[in-house]
Ligand code: GLN
Ligand code: ZN
């Protein structure tokens with residue numbers, strides 16, 4: 001028997017976000033290209049050694065990136081869209097970061113969510129380019145690990161099926177050509193790695209966990225047959241995660257040497273499949289038993305018992321004990337968290353602690369005894385201590401939720417009537433302009449907040465600063481000519497953290513960062529107790545802004561599902577129960593805003609869609625409880641109070657019904673990176689409620705021209721009736737600079753005003 005400990009991937013940001021700092025310094029030209037490369041090399045080496053010190057036996061390379069691993073592959077395969085030709089003799093880094101972030105002359109590539117996570121990858125664009133290998137960075141990382149750290153690492157690469165599945169720009173006919181071009185490149189990478197001495201190659205194929213139609217299954221079989229024929233010496237392990245392997249009985253027979261399965265998400269189904277169809281004797285199985293998506297320590301006995309079950313079913317000889325997915329979705333180490341309640345701290349396990357769990361379990365299996373006495377008992381004790389903590393037994397919350405009735409989940413008057421009533425009471429112009437909520441968080445805003453957090457400036461002084469900044473932006477918005485204003489969210493570092501800090505049941509960490517996209521990191525709060533509203537959280541700032549203007553200022557809240565999906569959530573009760581608790585808490589905040597005279601209230605749900613289960617058969621249940629939580633938060637308002645919501649990275653096509661079910665008076669959507677598709681789907685599926693399509697991409701510093709935005713508005717007018725039409729950027733502006741924000745919004749308002757004139761004269 002041969003048992004090895006491994007992980008699918010390890011975070012690359014560094015325990016103190018060192019990686020992010022290096023990238024951003026390089027973008028600001030504070031580092032030369034040489035210094036930058038040297039710094040990244042050091043980070044890579046350090047993290048390999050670190051994993052080794054944690055006791056991990058089989059360490060992965062190729063899980064490190066300069067921005068995004070899909071982009072790494074796109075550039076490696078020379079999948080460069082034509083529009084980047086405008087860059088004159090760019091260095092490889094200039095080209096790479098232009099694709100990632102856009103440049104003065106050219107827009108960035110589209111970015112979208114990685115399966116059901118809050119990580120965003122860059123979408124590769126196939127335009128019929130001639131594909132070749134431009135530098136095998138996975139081989140480089142493999143050799144670096146061998147030469148600098150002395151290890152034979154396990155290279156990982158996103159697999160060809162998933163890569164093609166997530167890329168865009170091809171139709172069925174072009175797809176064949178794309179595949180024909182791509183497969184030899186994968187073969188080349190595999191052969192180069194094998195020749196360099198890689199024992200195994202981990203091929204990540206998370207798309208194997210989606211609902212796969214028969215022709216896709218056949219395609220996968222054909223692709224892997226060719227890979228096997230052309231790289232016969234490469235030892236390939238197909239790694240799936242986030243759900244059970246679909247079409248198990250066929251895909252498990254692919255001509256590869258191993259399979260990695262997720263025994264946490266979709267674990268029951270994977271076990272059922274093994275029971276029913278067995279597991280091929282000649283293959284190695286990687287058992288993903290440690291949850292890579294949560295931050296809770298495992299009950300070691302339970303983890304071992306899952307492995308035993310799998311072992312009994314399979315009679316396995318060779319297997320790996322692994323994480324359920326890459327650990328990049330969780331923070332690096334809990335040891336820096338000094339301010340957490342003891343019961344919470346003890347039950348936490350971030351990436352490093354999870355690696356230790358994997359090492360412990362592997363040790364137990366290899367040796368038949370635990371490395372330390374009491375390991376198992378302790379793993380149970382810490383879970384028990386938090387489960388029985390009073391913060392998880394809030395009687396007030398329980399009582400309030402127990403007494404809810406169906407009418408608490410719906411608005412009193414249907415949309416069509418509300419629309420008329422709101423039109424008369426709000427008196428907004430046609431094509432009203434607005435923004436999504438946040439304005440640039442300047443260096444000064446961030447500095448002041450951090451000084452306040454450190455206690456260097458007093459509460460009153462900080463509140464005064466926030467108020468002044470908001471007042472300044474109210475004036476800027478008036479000058480720009482926007483119709484519905486916002487206060488700018490200067491008091492918030494993050495749209496979830498802010499609410500968590502005010503609600504009961506949450507805890508906050510100091511360094512528990514995870515990457516959201518590129519170098520942008522988020523620090524998800526931890527929901528570890530019952531969630532309860534105890535005081536108004538947003539009223540003061542919104543009302544202060546409202547007092548400065550005759551225009552409406554929108555109240556701005558983060559919705560229950562976004563708070564849920566962007567937090568680390570307790571695992572002792574179902575997620576849906578936590579969602580309802582948050583929905584109920586927000587309902588009280590909405591009431592407080594309304595009572596303070598706020599007439600338009602936006603409840604953002606950018607994360608609603610990403611929480612969709614990967615398998616369609618599980619959608620209905622998720623949507624039912626998540627829509628319920630949103631409606632619980634937003635239904636208890638007067639008919640003339642206008643409820644807005646906002647979503648980004650939302651594929652409208654398959655999501656229009658849930659969006660409609662939210663019954664929000666207005667939704668603003670991110671679209672500018674994939675505008676055409678949205679227009680198309682609106683044509684197919686007319687939408688009846690208020691809607692604002694993002695008319696420009698806020699993820700890039702580029703200022704779009706009036707003409708560009710006008711063109712988008714005109715296109716949209718073909719599918720959205722005037723009465724429903726709103727004009728807005730595609731997301732919050734907090735990551736942008738002030739000058740570019742003002743310039744872009746001015747152009748946007750001009751475009752909207754021109755449209756008003758044109759439509760009136762038509
Ligand atoms: N209101 C938030 C903001 O403007 C929404 C952000 C988001 O959708 N991610 O920042
Ligand atoms: Zn957004």
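Only one residue in 237, 219, 212, 254 is outside any helix (DSSP H, G or I), in contact (Cβ under 8 Å) with a residue 24 or more places away in the chain and over 24 Å from residue 6 (Cβ atoms), so which one is that?
Testing whether each residue is outside any helix (DSSP H, G or I), in contact (Cβ under 8 Å) with a residue 24 or more places away in the chain and over 24 Å from residue 6 (Cβ atoms) leaves just 212.
Test residue 688 against the criterion of being within 19 Å of residue 725 (Cβ to Cβ), modelled with pLDDT of 85 or more, surrounded by fewer than 17 Cβ atoms within 10 Å (Cβ to Cβ) and away from ligand 2 (no atom under 16 Å from the Cβ), and give yes or no.
Yes: the conditions hold for residue 688.
Give the stretch 659-676 a look and list any residue that's over 28 Å from residue 701 (Cα atoms) and either modelled with pLDDT under 85 or more than 16 Å from ligand 2 (Cβ to nearest atom) (or both), or say none.
660, 661, 663, 665 - these are the residues of the stretch 659-676 that are over 28 Å from residue 701 (Cα atoms) and either modelled with pLDDT under 85 or more than 16 Å from ligand 2 (Cβ to nearest atom) (or both).
State whether one or more residues within the stretch 17-28 are touching a strand residue (DSSP E or B) at 6+ places or on another chain (Cβ under 7 Å), modelled with pLDDT of 95 or more and closer than 26 Å to residue 106 by Cα.
Yes, the stretch 17-28 has at least one match.
Taking into account only those residues within the stretch 602-638 that are within 16 Å of ligand 2 (Cβ to nearest atom) and at pLDDT 95 or above, which is nearest to residue 661 (Cα to Cα)?
630
Restricting attention to the stretch 710-728, and to residues there that are at pLDDT 95 or above and within 23 Å of residue 112 (Cα to Cα), which single residue is farthest from the chain's Cα centre (by Cα)?
727
So in the stretch 646-658, with the set limited to residues that are within 14 Å of ligand 2 (Cβ to nearest atom) and at pLDDT 90 or above, which one is surrounded by the most Cβ atoms within 10 Å (Cβ to Cβ)?
It comes out as 646.
Restricting to the stretch 447-462, name every residue that is under 33 Å from the mean Cα position of the chain (by Cα), part of a helix (DSSP H, G or I) and without any contact (Cβ under 8 Å) to a residue 40 or more places away in the chain.
Those that are under 33 Å from the mean Cα position of the chain (by Cα), part of a helix (DSSP H, G or I) and without any contact (Cβ under 8 Å) to a residue 40 or more places away in the chain: 447, 448, 450, 451, 452, 453, 459, 462.
Touching a helix residue (DSSP H, G or I) at 6+ places or on another chain (Cβ under 6 Å), buried (at least 17 other Cβ atoms within 10 Å of the Cβ) and within 22 Å of residue 517 (Cβ to Cβ), is that true of residue 60?
Taking the combined requirement at face value, the residue does not satisfy it.
Among 684, 723, which is away from ligand 1 (no atom under 15 Å from the Cβ) and under 22 Å from residue 429 (Cβ atoms)?
Every option except 723 fails the conditions.
Between 81, 124, 90, which is more than 30 Å from residue 567 (Cβ to Cβ) and within 18 Å of the chain's Cα centre (by Cα)?
124
Could you pull out every one of the strands (runs of 3 or more DSSP E) wholly within the stretch 100-195 that has 1 or more residues that are under 25 Å from residue 58 (Cα atoms), touching a helix residue (DSSP H, G or I) at 6+ places or on another chain (Cβ under 9 Å) and touching a residue at least 60 places away in the same chain (Cβ under 8 Å)?
154-158
The values are calculated or read from the model by the stated rules, or taken from the named source; none is laboratory data. None of these values were measured; they are calculated from a predicted model. Every residue, glycine among them, receives a Cβ derived from its backbone with ideal geometry; neighbour counts consider all protein chains shown.
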